[in-house]
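Take a look at the structure below.
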Amino acid sequence: MIGTADYLTLSALLFIIGVIGVAVRRNTIVVFMCIELMLNAVNLSFVALSRQLGNLDGQIAVFFVMVVAAAEAAVGLAIILSVFRAVQSVETSDSSELRG
Amino acid sequence: MTIFFYIVALLAILAAVGVVASPQPLYSCFCLIVNMLLLSLLFAGLEAHFLAAAQVIVYAGAIMVLVVFVIMLLSLHGEERKPIPTLLGIFVALSAIGFLSLILHPLRQEFASLAGRRSGVDPAIVGDVRTLGTMLYTQYLFPFEAASVLLLAAIVGAVVLAKKKPHAFPPGERK
């Protein structure tokens with residue numbers, strides 16, 4: 001029988017893979033996709049705990065996470081586009097002109 | 001059911017590793033789509049039917065199409081492999097191991113007793129469209145409307161950010 005702990009374990013593993021991706025990769029779009037991966041991992045643990053606790057508030061929270069992720073995708077990709085226009089690159093190390 | 005969960009979990013972890021490790025951004029994107037579809041299978045297994053559908057439509061459909069569109073628009077190819085700095089690698093590995101041991105050990109102990117208790121499916125907590133829609137339009141009406149304002153602001157922000165500004169950066173001045 002699959003319990004809540006198994007779902008939460010999978011969620012933690014997916015989350016930490018996303019964190020490693022954000023820390024290691026230089027491509028801004030890949031970093032963005034790793035953030036989406038982390039959001040998905042959190043969604044999985046929301047749904048698993050909603051099932052465990054027997055109420056649906058967790059699933060409503062997942063719905064709002066999806067809304068915020070959609071808004072984040074639109075704005076984030078627009079920022080990536082406009083940075084690409086300015087520096088002709090999506091590498092994080094190439095857009096470091098604001099560093100003091 | 002058990003073997004189904006383990007197959008889906010293994011494939012989801014492999015797809016997540018593919019997102020991080022593949023050299024081409026487009027391959028990462030396809031791995032992420034596979035990961036999202038597998039997670040929607042898990043949602044369906046957890047009786048969250050509405051979220052399983054929304055995961056496919058909103059995440060794998062809308063958001064990832066937007067990402068693919070941007071990758072194609074910028075015509076990104078693989079980046080050259082730069083070695084990860086040793087200090088960063090050590091730091092990331094240590095924090096990953098620390099996070100996992102902090103999370104997993106108490107998880108295993110706490111939920112080992114809880115897992116057997118609720119074995120049958122409670123029909124009251126099936127997340128179908130009718131139940132979630134009723135909750136959204138009664139108990140969560142204000143956050144729902146606020147989310148629509150957030151989406152509107154995101155649309156306006158995306159248009160403003162991505163619009164070409166003819167006078168902001170004259171082409172000869174930069175670089």
*asked:* Under 7 Å between Cβ atoms, which residue pairs at least 6 apart in sequence (or on different chains) link something in the range A:39-57 that is at positive phi and within 7 Å of chain B (Cβ to nearest Cβ) with a partner that is surrounded by 21 or more Cβ atoms within 10 Å (Cβ to Cβ) and part of a loop (DSSP other than H, G, I, E, B)?
replied: none
*Identify, from the list B:158, B:154, B:115, B:146, the residue that is over 30 Å from residue B:20 (Cα atoms), surrounded by 10 or more Cβ atoms within 10 Å (Cβ to Cβ), of a type in the set (A, V, I, L, M, F, W, C) and modelled with pLDDT of 90 or more.*
B:146
*Would you mind stating whether residue A:72 is surrounded by fewer than 20 Cβ atoms within 10 Å (Cβ to Cβ), farther than 28 Å from residue B:132 by Cβ and acidic (Asp, Glu)?*
no
_Breaking point among (1) facing chain B (nearest Cβ under 7 Å); (2) over 14 Å from residue B:46 (Cβ atoms), for residue A:93_ = (1)
*Sort through B:120, B:127 and tell me the only one that's modelled with pLDDT of 60 or more, outside any helix (DSSP H, G or I) and either closer than 28 Å to residue A:52 by Cα or touching a Gly at 6+ places or on another chain (Cβ under 8 Å) (or both).*
B:127
*Condition test on residue B:96, is it within 30 Å of residue A:4 (Cβ to Cβ), aliphatic (A, V, I, L, M) and at pLDDT below 70?*
no
*Note down all Cβ pairs under 8 Å where the first residue falls in the range B:7-32 and is closer than 28 Å to residue A:2 by Cα, the second is outside any helix (DSSP H, G or I) and among the charged types (D, E, K, R), and they're at least six residues apart or on different chains.*
B:20/A:25
*asked:* Can you report the number of residues in the range B:49-108 which are within 22 Å of residue B:34 (Cβ to Cβ) and either assigned to a helix (DSSP H, G or I) or within 9 Å of chain A (Cβ to nearest Cβ) (or both)?
replied: 26
_Check on residue A:92, within 20 Å of the chain's Cα centre (by Cα), within 24 Å of residue B:159 (Cα to Cα), surrounded by 19 or more Cβ atoms within 10 Å (Cβ to Cβ) and hydroxyl-bearing (Ser, Thr, Tyr)_ = no
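The values are calculated or read from the model by the stated rules, or taken from the named source; none is laboratory data. Note that the structure is predicted; figures quoted are calculated from it, not measured. Because the Cβ atoms are built from the backbone with ideal geometry, glycine has one as well, and the counts that use them run over all protein chains shown.
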